[in-house]
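Read-outs: derived from the displayed coordinates by stated rules, not from any lab. Nothing here was measured: the structure is a model prediction, and the numbers come from that model. Cβ sites come from the backbone with ideal geometry, for glycine too, and all protein chains shown count toward neighbours.
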Amino acid sequence: MSTISLVTGANRGIGREVCHQLAELGHTVILTARDLSAAAEAAQAAQAAQAAQAAQAAPAIRAEPLQLDVTDPASVARAARWTQERHGKLDVLVNNAAITYDTWQRAVSADLAVVREAAETNLYGPWLMIQEFLPLLRNSDHPRIVNVSSEAASLASMGGGTPAYTASKVALNALTRMVADELRRDRILVNAVCPGWVATDMGGPGGRAVAAGAASVIWAATLPDSGPTGGFFRDGRPLPW
Ligand SMILES: NC(=O)c1ccc[n+]([C@@H]2O[C@H](COP(=O)([O-])OP(=O)(O)OC[C@H]3O[C@@H](n4cnc5c(N)ncnc54)[C@H](OP(=O)(O)O)[C@@H]3O)[C@@H](O)[C@H]2O)c1
């Protein structure tokens, strides 16, 4: 039976590359995006890349596009129902979607509407995803949850700036700790991962390649049963909280 993985915000950036890398490992990847046509385009691109390698007998890539807006409870519930009906389980949930790297703001004067909006996607989105997909993860023999976070959320080295983004990722890290502990007995490994500074629309130019950032996420998505839970990692190495 195939390993079923779902990635949020997978039409571009790190999420899209995470889907490619998981599919190359043989996972059936549910490639989700707010816009179904963007998800379909990314899934087709993954399959086209595989077809180009067909001469090298690369394994068939299975990428299934699905509409999913993490801030829309109806969309999240629909995606969970679809996954239940089609696969009956979920093995890997990658909470990747995020917004608002607010370099233009300072905490002392931040627009709190922007701070709340960031939390809707970056915190409450992953939280709702975990709640809705938990019954499906419980049907897996090796369930994993990866919350894509950022070293910006490390309290140990935190300074000022990017207040909406940073606060939302700190809270995501706290969610990771709580959920990991609550699901320890269910053998569901839950970790927060920083992809590093990556050259995407969010990261801007100058960061490392998307493939390297995605690999940091893949490490946590493919942990063995003896792997850690409730940790914060980049490239497989612990980061200070
Ligand atoms: N790039 C970096 O240097 C860096 C560093 C540290 C951490 N990270 C983290 O890595 C993850 C991916 O970042 P990235 O650089 O790939 O960002 P990105 O290029 O800006 O892509 C963000 C993705 O999230 C999606 N998204 C936004 N709101 C959504 C919603 N409500 N529902 C579903 N999808 C939504 C976007 O979809 P649309 O196309 O529809 O907008 C897009 O696919 C994020 O969690 C980010 O915080 C990135």
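FRET efficiency for the pair Ala156 and Asp72, taken as 1/(1 + (r/R0)^6) with r the Cβ-Cβ distance and R0 = 30 Å, rounds to 0.30.
When the gyration tensor of the stretch 201-240 is built from Cα positions, what are the square roots of 5 times its three eigenvalues, in whole Å, from largest to smallest? Intermediate values should be presented prior to the final figure.
Details: eigenvalues 108, 26, 10 Å².
That gives 23, 11, 7 Å for the three semi-axes.
If you model the stretch 61-133 as an ellipsoid using its alpha carbon gyration tensor, with each semi-axis the square root of five times an eigenvalue, the axes come out at 30, 12, 9 Å, biggest first. Placing +1 on each Lys and Arg Cβ and -1 on each Asp and Glu Cβ, with no other charges, gives the chain a dipole about its Cα centre of roughly 360 debye.
Taking the Kirkwood radius as the inverse of the mean 1/r across Cα pairs, report the Rg/Rh of the stretch 168-241. Answer for the stretch 168-241: 1.01. The orientation-averaged projection of the convex hull spanning the C-alpha atoms of the chain amounts to 12.9 square nanometres. Kirkwood radius, the stretch 50-192, all distinct C-alpha pairs, inverse of mean reciprocal distance: 16.8 Å. Between Arg81 and Glu41, the contour length at 0.36 nm per residue exceeds the Cα-Cα span by 12.1 nm. The radius of gyration of the Cα set in the stretch 115-192, together with its Dmax, comes out at 13.4, 42 angstrom.
When the Gaussian network model of the chain links Cα atoms closer than 10 Å, the mean-square fluctuations of Gly207, Gly230, Gly161 top out at Gly207.
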